[in-house]
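Here's the structure, in structure tokens; my notes come after.
The values are calculated or read from the model by the stated rules, or taken from the named source; none is laboratory data. All values reported here derive from a predicted model rather than from experimental measurement. Don't worry about glycine lacking a Cβ; one is built from the backbone with ideal geometry, like all the others, and counts go over all protein chains shown.
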Amino acid sequence: MTRIARWARREWGPLYVTVRGPLIRRRWRAVPMAIGAVCLTALLQFTQNQSWGYQFVQNVGAVRAQDPLWLALLRTPLSLFVPALDLPVWGALAQILIVFGIAEICLGWWRTLVIAYAATLAGTLYARLGIWLGPDSPIGLPGTDARVVDTGPSAAVVGLAVFLAWRYRAHVTAGVVIGAMVVEVLLKENLAGKEHLAAIAAVLALCGISELRHRRATTGSGLPPIRS
């Protein structure tokens, strides 16, 4: 076995083994939530591209920093599945199917949705903080970003990717994802890039909380630490 193959086995082996079994046994039935999310996203994409449906999708799933906070919080869960109009929808559909699907098998559907929502919510709340800080702050945003429509699964996908990489000890993969988001901000400093970093920060906090819980549980039981 070559050095690269050994490294790939160490990096992705545990995740591959976890995902392969359910997919072989149950095929698409192993990821019903991910498939449902893909269908919902496709439906919202179709609807918002119709003259009769655009405003409806905006009313139920479009988030802007200038909106009242209660309204933004109400719309945020559905905003995950509203594709950005300026990006190809197939990219959003592929991200949801692959990353949400892997996460659903590894974490369960409800944990997947909780982490996805936490990552998206972190980006939504950061936008308000960044605009309040202003463009002179290193983490601030220009006031014009308050009118930017903030939708799509990208923050959730990035957050889930980092959480899965942490959970299965794919440290290089986690580093590459985080590094790519940092480079995105450096090359194209925009709202989406900084929201991705906010999503990563929120997920890393969740990772830390989960690690602490495992350590406390294993210390209390007197057993060596094993991550479930």
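Report yes if some residue within region 98-105 is touching a residue at least 60 places away in the same chain (Cβ under 8 Å), buried (at least 20 other Cβ atoms within 10 Å of the Cβ) and either under 23 Å from Val185 (Cβ atoms) or of a type in the set (Phe, Trp, Tyr) (or both); otherwise report no.
yes
Report yes if some residue within region 163-178 is in contact with a Ser or Thr (Cβ under 6 Å, 6 or more places away or on another chain) and within 25 Å of His214 (Cβ to Cβ); otherwise report no. Give the derivation first.
Start the filter on region 163-178 by keeping residues that are in contact with a Ser or Thr (Cβ under 6 Å, 6 or more places away or on another chain), which leaves 165.
Adding the requirement that they be within 25 Å of His214 (Cβ to Cβ) leaves 165.
Yes.
Scanning for something within 22 Å of Val114 (Cα to Cα), of a type in the set (D, E, K, R) and assigned to a helix (DSSP H, G or I), does region 170-193 turn up at least one residue?
Checking region 170-193: not a single residue is within 22 Å of Val114 (Cα to Cα), of a type in the set (D, E, K, R) and assigned to a helix (DSSP H, G or I).
Would a scan of region 107-128 turn up a residue that is touching a strand residue (DSSP E or B) at 6+ places or on another chain (Cβ under 9 Å), more than 22 Å from Gln45 (Cβ to Cβ), modelled with pLDDT under 95 and not polar (S, T, N, Q)?
Taking every residue of region 107-128 in turn, at least one turns out to be touching a strand residue (DSSP E or B) at 6+ places or on another chain (Cβ under 9 Å), more than 22 Å from Gln45 (Cβ to Cβ), modelled with pLDDT under 95 and not polar (S, T, N, Q).
Can you tell me which residues in region 84-96 are surrounded by 17 or more Cβ atoms within 10 Å (Cβ to Cβ) and within 14 Å of the chain's Cα centre (by Cα)?
Result: Ala92, Leu93, Gln95, Ile96.
Considering each residue of region 126-170, count those that are touching a residue at least 40 places away in the same chain (Cβ under 8 Å) and exposed (fewer than 13 other Cβ atoms within 10 Å of the Cβ), and give that number.
Number of matching residues: 2.
Which one is farthest from Thr120 (Cα to Cα) among residues in region 35-59 that are over 20 Å from the mean Cα position of the chain (by Cα) and among the β-branched types (Val, Ile, Thr)?
Checked region 35-59; the qualifying residue farthest from Thr120 (Cα to Cα) is Thr47.
Cβ contacts < 9 Å: first residue modelled with pLDDT under 90, restricted to region 65-90; second residue among the aliphatic types (A, V, I, L, M), any location; separation 6+ or different chain. Result?
Cβ pairs passing all conditions: Ala84/Ala92; Ala84/Val149; Ala84/Ala192; Leu85/Val149.
Yes/no per residue for (1) over 28 Å from Ile131 (Cα atoms); (2) out of contact with any Leu (no Cβ under 7 Å at 6 or more places or on another chain):
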position	(1), (2)
Ala37	yes, yes
Thr41	yes, no
Gln66	no, yes
Thr76	no, no
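Within region 134-148, which residues are of a type outside the set (A, V, I, L, M, F, W, C), in contact with a Leu (Cβ under 8 Å, 6 or more places away or on another chain) and farther than 17 Å from Leu186 by Cα? Spell out the reasoning first.
Within region 134-148, the subset of a type outside the set (A, V, I, L, M, F, W, C) is 134-138, 140, 142-145, 147.
Narrowing further to those that are in contact with a Leu (Cβ under 8 Å, 6 or more places away or on another chain): 134-135, 140, 145.
Once the filter is applied, which keeps residues that are of a type outside the set (A, V, I, L, M, F, W, C), in contact with a Leu (Cβ under 8 Å, 6 or more places away or on another chain) and farther than 17 Å from Leu186 by Cα, region 134-148 yields Gly134, Asp145.
Against the conditions (1) surrounded by 18 or more Cβ atoms within 10 Å (Cβ to Cβ); (2) within 18 Å of the chain's Cα centre (by Cα), where does Pro77 fall short? Just the number, please.
Result: Pro77 passes all but (1).
Which one of these is buried (at least 17 other Cβ atoms within 10 Å of the Cβ), within 30 Å of Asp145 (Cβ to Cβ) and at pLDDT 90 or above: Thr47, Thr41?
Matching residue, one of Thr47, Thr41: Thr41.
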